[in-house]
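Here the structure comes first, spelled out in structure tokens, and everything after it is commentary.
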Amino acid sequence: MAEHYDLFLSYARADDDPAYTDPNKSFLRRLYNDLTAAEYKVWWDRESMPSRALTFLQEIRDAITACDKLILVVGPGALESDYVKAEWEYALSICLPVIPILRAGDYALIPPALKKWHAPDFRDSRPYADALAELKRILAEPTAPLGRLHAVPPLPPWYIR
């Protein structure tokens, strides 16, 4: 069984800072460090990706399943990434809260399924400390429980999503 995490960071490496060549100076490194300093247990591929002879996609799905929330770092690269799309879509399919944050570009980049959700602005035009405080406030809110289903017939045994 996978280790439990509070947060999963979903992002496209192409959207990380030009310091991508030095991952210790990137936006994602800073966000990861700040969230772990705030005592969140964060799954980030550069820190948490195990090597257990499973496929990459299975490792990612296991990690998402073991998290309480997914943070989607939105930018042009994330919009184009099949992996990023698979991550947030899988999170939604298992009823995991997805919190989009806008890192680059504009709000039009937020996937249509998430457009009506609040997305903190983490672009360089806003002070990082303000954006981080907003994100921490959002993360501190308890996740609403799922409602009970009434008069919904079960899926047929042959149904495969």
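Structure values in brief
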| item | result |
| --- | --- |
| Computed accessible area, Lys85, all protein chains, 1.4 angstrom probe, square angstrom | 100 |
| Highest-MSF residue in the chain out of Pro145, Pro100, Pro111 [GNM, Cα springs under 10 Å] | Pro145 |
| Accessible surface of the range 45-142, 1.4 Å probe, proportion on carbon and sulfur as whole % | 55 |
| Beta bridges per DSSP with both ends in the chain, % antiparallel, nearest 5 | 0 |
| Unit charges at the beta carbon, dipole of the chain: most positive-side option, Phe122, Leu70, Gly147 | Gly147 |
| Gaussian network model of the chain, springs between alpha carbon atoms under 10 Å - residue of Leu146, Leu109, Leu79 with greatest fluctuation | Leu146 |
| Using alpha-carbon coordinates, inclination of helix 56-65 to the longest axis of the chain, degrees | 80 |
| Residue-normalised accessible area of the chain, expressed per residue, 1.4 Å probe, Å² | 61 |
| Per-q log10 I(q)/I(0), the chain, q = 0.08, 0.14, 0.20 Å⁻¹ (Debye; single scatterer per alpha-carbon; no solvent) | -0.25, -0.74, -1.48 |
| Principal-axis tilt of helix 82-93 within the chain, Cα atoms, nearest 10 degrees | 50 |
| Kirkwood hydrodynamic radius of the range 71-161, Cα pairs, Å | 15.2 |
| For Arg13, solvent-accessible area (1.4 Å; no DNA, RNA or ligand), Å² | 100 |
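The values are calculated or read from the model by the stated rules, or taken from the named source; none is laboratory data. It should be emphasised that the depicted structure is a prediction, and the values quoted were computed from it without experimental measurement. Neighbour counts are summed over all protein chains in view; Cβ atoms, including those assigned to glycine, are modelled from backbone coordinates with ideal geometry. With ligands, DNA and RNA removed, areas are computed over all heavy atoms of the protein, side chains included. Shrake-Rupley method; radii C 1.70, N 1.55, O 1.52, S 1.80 Å.
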